[in-house]
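Structure first, commentary second.
Where a number appears in this text, it was derived from the coordinates with a stated rule and is not lab data. What you see is a predicted model; the values in this text were computed from it and never measured. Counting neighbours? That spans all protein chains shown, and the Cβs are built from the backbone with ideal geometry, glycine included.
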Amino acid sequence: MSVRRLAEENVQPAEFAFNPAMSAEAEKWIGKYPEGRQQSAVIPLLMLAQEQDGWVTRAAIEHVAAKLDMPKIRVLEVATFYTQFMLQPVGTKAHVQVCGTTPCMLRGAEDLKRVCQNKIAHDPFALNGDGTLSWEEVECQGACVNAPMVMIGKDTYEDLTPERLEEIIDAFEAGNGDTITPGPQIDRAFSAPAGGLTTLTDDGPATPGYGSDASSTIKVAATASSLMPKVKPVEQTVEGGNPTMKLAATASGRAKAPDAEEAASDDAEPALDDANRPAGIDKPDQPDDLKLISGVGPKIEGVLNSLGIYTFAQVAQWNEAERAWVDSYLKFKGRIDRDEWVKQADALSKGPEEYARVFGKEPR
């Protein structure tokens, strides 16, 4: 690992303090940790300092150390270990991190580096004439399939050509970086194949809006469970005189005894006209994001919406019989109560601050 040191004293500011917004954010992060463990917030606080000033100064390290009651050397060790922390001034409008690891190198990273040398400065970390731009070469940033790519701030810009990177740099220098959409810069949806899918295109629900053509679709592949071979239960007599129990074979070839909840999964799906089905409503103009309830993903949210469930307030009012009906309909095997959907929904209906107060964390 290369040696990382703080910037020269002549560029170090005399003092540092979080501004009001960052100070509130720092307190929020410190509050995430149990009493006596507040020093675990050192990385988030250093990131906040960098977000505020653009880089991590000696004064910021000392301020974080005092705030967390840590020896300065411990905070310095963290700041100098992780390359995500900038230890010297970088461009005030953009610091371009060019990935130079093998996949990006093979796909044109050297050309992207030349763009940075021509438009910003020849050497990494050197500022341009106005001090607004800088660049560096970094190791893998995790978008290998969309190589080559760069990161600016917290966003990645992928599938780049030298010409496109020039446009992006010009936009940031002009103060219009927020007009550039992060992610792939070609007609590609996230990390899907360029040009569209070639496999797993049949028998799946369609997701509109692939690439730039809103009329095209992506077929969603079958779930792993549907691809697994169907294995019949194996009967085995347990030692010690216990009665024979059925062991359901798992995908790994091991076996486990089904519990009462798993046995209940064979029951018929509850009727939609059942008296215990929760009352639905027409879709409101602004339905709640039910995915904020831990345990609810896009698919489950869609099922709930199809039942007329659109708001946190509806879920918060479910009684035991209604919870049992939904649980059975979703084949959740008791998960609604285990995940405390009703309690979560009640807190979310009162706002994210109430959720954080009740559960000690922000809604995801």
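Brief remarks follow.
- Members of 67/154; 67/361; 28/93; 291/350; 291/343 lying beyond 23 Å, as alpha-carbon distances in this model show: 67/154; 28/93
- Rg/Rg_ref, the range 49-172, where Rg_ref = 2.2 N^0.38 Å and atoms are Cα: 1.15
- Cα-derived Rg over Rh, computed across the range 9-81 with Rh taken as Kirkwood radius: 0.94
- Of all aspartates and glutamates in the structure, the ones whose alpha carbon falls short of 14 Å from that of residue 283, not counting any fewer than 8 places away in one chain, are 301.
- Reachable aspartates and glutamates, given that their alpha-carbon falls under 16 Å from the alpha-carbon of residue 113 and they are not under 8 places away in the same chain: 123, 136, 137, 139, 158, 159, 163, 166, 167, 170
- The ranking of 6, 160, 87 from fewest to most other beta carbons within 10 Å of each one's beta carbon is 6, 87, 160.
- Projected over all directions and averaged, the alpha-carbon convex hull of the range 62-110 occupies 5.1 nm².
- At R0 = 56 Å, FRET efficiency that the Cβ-Cβ distance of residue 17 and residue 274 yields, to 0.05: 0.40
- Peptides 72-80, 26-34, 42-50 ordered by packing proxy, namely the average of other Cβ atoms within 10 Å per residue, highest first: 42-50, 72-80, 26-34.
- The range 290-359 - Debye-derived log10 I(q)/I(0), Cα point model, q = 0.11, 0.13, 0.17 Å⁻¹: -0.23, -0.32, -0.56
- Distance from the Cα centroid of the range 40-89 to that of the range 295-364 is 39 Å (rounded to whole angstrom).
- Label separation (residue 126 vs residue 37): 4.7 nm, computed from points 7 Å beyond Cα along the C-beta direction.
- Full-stretch length increase - residue 317, residue 191 - with 0.36 nm per residue and alpha-carbon distance subtracted: 41.3 nm
- Neighbour-count ranking [beta-carbon atoms within 10 angstrom, fewest first] of 18, 81: 81, 18
- Lys/Arg +1, Asp/Glu -1 at C-beta; the range 290-359 dipole; positive extreme among 325, 308, 295: 295
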